[in-house]
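Colleague: This is the structure, below, for whatever I ask next.
The values are calculated or read from the model by the stated rules, or taken from the named source; none is laboratory data. Since the structure is predicted, the reported quantities are computational estimates derived from the model, not experimental observations. In this analysis, Cβ positions are derived from the backbone assuming ideal geometry, glycine residues included, and neighbour counts consider all displayed protein chains.
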Amino acid sequence: MKNFVRVSLMAAALLLPVSVAQALDITPSSGTLGVTRFQGLINNTPGAIAEANGLCGNCLVTEQYKQNAGGSEEGPLGGSYSTVFTNTPGDPSGAIITYAGGNIVSNAFLLVKDGNQNPAWYLFNLTATGLNWNGTDTLNLSGFWPQQGAISHVSLFGGSSTAVPEPATLSLLGMGLLGFAAVQRRRAASRRSE
């Protein structure tokens, strides 16, 4: 029995994911991140969706998650992500978007919007080469319209993908499989000794 517990614990440790969630820093000057700036498109969110669909190629992206500054979450993945606006609550120039669990956004684009400044909003292709956002990495936004406006909301556009398995669930599955294998091995050994 001691060996079974020891082997189960070692297997559980091996099944835990090795990679830790990364953070992506995104600023208005992050040109290498696939930023597209729109000059003079005041309060034109449909234009952002059209631009994202144009950049995406054969896919059709829709708004999956939206967080208004000082408001509530919206969209089908409203419970999958969480946003905290930074600097001042009434005049945020930054935000931190974290994965909270559940489904993730695929073919993802990030829209950071003010609507009363020039440019009115920024659109980032999060799955572009070099950025390769996996839907769970934390997004750190900073430097958007400092002292001349504020972030009114952030949105994630894309398609919805299935949930990412939690490490604890994978560990339990691994321990169950190891336990099953140990029981089978013990039964086989007892049959041979009879």
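Colleague: Please determine, by comparing only the residues of segment 107-121 that are at pLDDT 85 or above and not hydrophobic (A, V, I, L, M, F, W, C), which one is nearest to Gly159 (Cα to Cα).
Modeller: Among them, the one singled out is Lys113.
Colleague: Just to be sure I understand the filter: pairs with C-beta atoms under 6 Å, separated by 6 or more residues or on different chains, first member in segment 118-141 and under 16 Å from Tyr65 (Cβ atoms) and β-branched (Val, Ile, Thr), second member at pLDDT below 85 and assigned to a loop (DSSP other than H, G, I, E, B). Which pairs pass?
Modeller: Listed pairs, sorted by first residue: Thr136/Ala21; Thr136/Val164.
Colleague: Another question, then. If Pro146 satisfies every condition in (1) under 15 Å from Pro92 (Cβ atoms); (2) surrounded by 18 or more Cβ atoms within 10 Å (Cβ to Cβ) but one, which is the exception?
Modeller: (2)
Colleague: Right, here's the next one. Of the conditions (1) crowded, with 21+ Cβ neighbours inside 10 Å; (2) of a type outside the set (D, E, K, R); (3) not in a strand (DSSP E or B), Phe124 fails just one. Which one is it?
Modeller: (3)
Colleague: Go through the residues of segment 74-87 one by one and say whether even a single one is under 15 Å from Phe157 (Cβ atoms) and touching a Lys or Arg at 6+ places or on another chain (Cβ under 7 Å).
Modeller: Checked against the condition, which is being under 15 Å from Phe157 (Cβ atoms) and touching a Lys or Arg at 6+ places or on another chain (Cβ under 7 Å), segment 74-87 yields at least one hit.
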